1. If you take the beta carbon distance between residue 54 and residue 180 as r and set R0 to 41 Å, what does 1/(1 + (r/R0)^6) give as a FRET efficiency, to the nearest 0.05?
2. Measure off 7 Å from each Cα along the Cα-to-Cβ vector at residue 189 and residue 45, then give the distance between these two points in nanometres to one decimal.
3. Could you order the peptides 66-73, 51-58 from most to least packed, using the average number of other C-beta atoms within 10 Å per residue?
4. Please give the charge dipole size of the chain, origin at the Cα centre, charges +1 on K and R Cβ atoms and -1 on D and E Cβ atoms. Round to the nearest 20 debye.
5. Going by average Cβ neighbours within 10 Å, how do the peptides 37-49, 105-117, 86-98 rank, with the highest at the top?
6. For the chain, compute the number of Lys pairs whose alpha carbons are separated by less than 27 Å, excluding pairs fewer than 8 positions apart on the same chain.
7. Which value in deg cm²/dmol, rounded to the nearest 500, describes the helix-derived mean residue ellipticity at 222 nm for the chain, given -39,500 (n - 2.57) per DSSP H run of n ≥ 4 and division by the residue count?
8. Going through the DSSP H helices of the chain, which span 30 Å or more along their own axis at the Cα atoms while scoring at least 1.6 as a mean Kyte-Doolittle hydropathy?
Amino acid sequence: MTGIVVIPAVLLYLLLSIVVVLLAVRYARKSGRRAKCWGWGAALVMYLIPFWDWLPTVATHQYYCAKDAGFWVYKTVDQWKAENPGVMETLVYKKDMPHIQTPYGRATVLNQRFLHIYKQEGSFLYNRWRIETEIRDVKNGEVIAREVDFSTSQERRQAGWSGWKFWLDSERCSIVSHRDQGSFEQVTAQIEGAKK
């Protein structure tokens, strides 16, 4: 569906760019200037109009993925069970648990003792979105597991005018600097599996 709008727009812009380059070359030849320099200059300007932020966005995304992204397990579910004997068996998971605002961020209540916290913050300059998810113990605020990821996706309400830049989409970090055993989904599944 997006292609119906995007492909004609890209083709129209490409046609416009070719016309601008040809006009620049023609102007340079008529006025006795270097046509090659004028043609390449016009092509560079037409390229930079939509793509000026592409290289900084890619570089920033790769930097933060290498520096800060990762998955950490601070306490395994088995360790938590050992410290809280008999509690896990009393917890009840419901799919329609409420979303609440906590001091840690927006959270989904998984059961009576665990919160699934989601935080997102962005930088509009280089289209960088930091996404942090945590599982926390409600009773003492202790973090059980945390995942930090970065995105450059522009298809978000927060992106504003630059939301149409589909070439900046890079949803998740492909390389993370730190990865403990398992995954965030596995930890969540162990907690949700307590009692349904």
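A short reminder: the numbers here are calculations on the coordinates, not readings from a lab. Quick caveat, the model's predicted, so the values are computed rather than measured. Note that each Cβ is placed from the backbone with ideal geometry, even for glycine, and that neighbours are counted across all protein chains shown.
1. 0.80
2. Distance between the two pseudo-spin positions: 5.6 nm.
3. Result, highest mean first: 66-73, 51-58.
4. Using Cβ point charges on Lys, Arg, Asp and Glu, the chain gives about 1160 debye.
5. Peptide ranking by packing, descending: 105-117, 37-49, 86-98.
6. The number of close lysine pairs in the chain is 29.
7. Counting only the DSSP helices, I get -13000 deg cm²/dmol.
8. Span-like helices here: 2-30.
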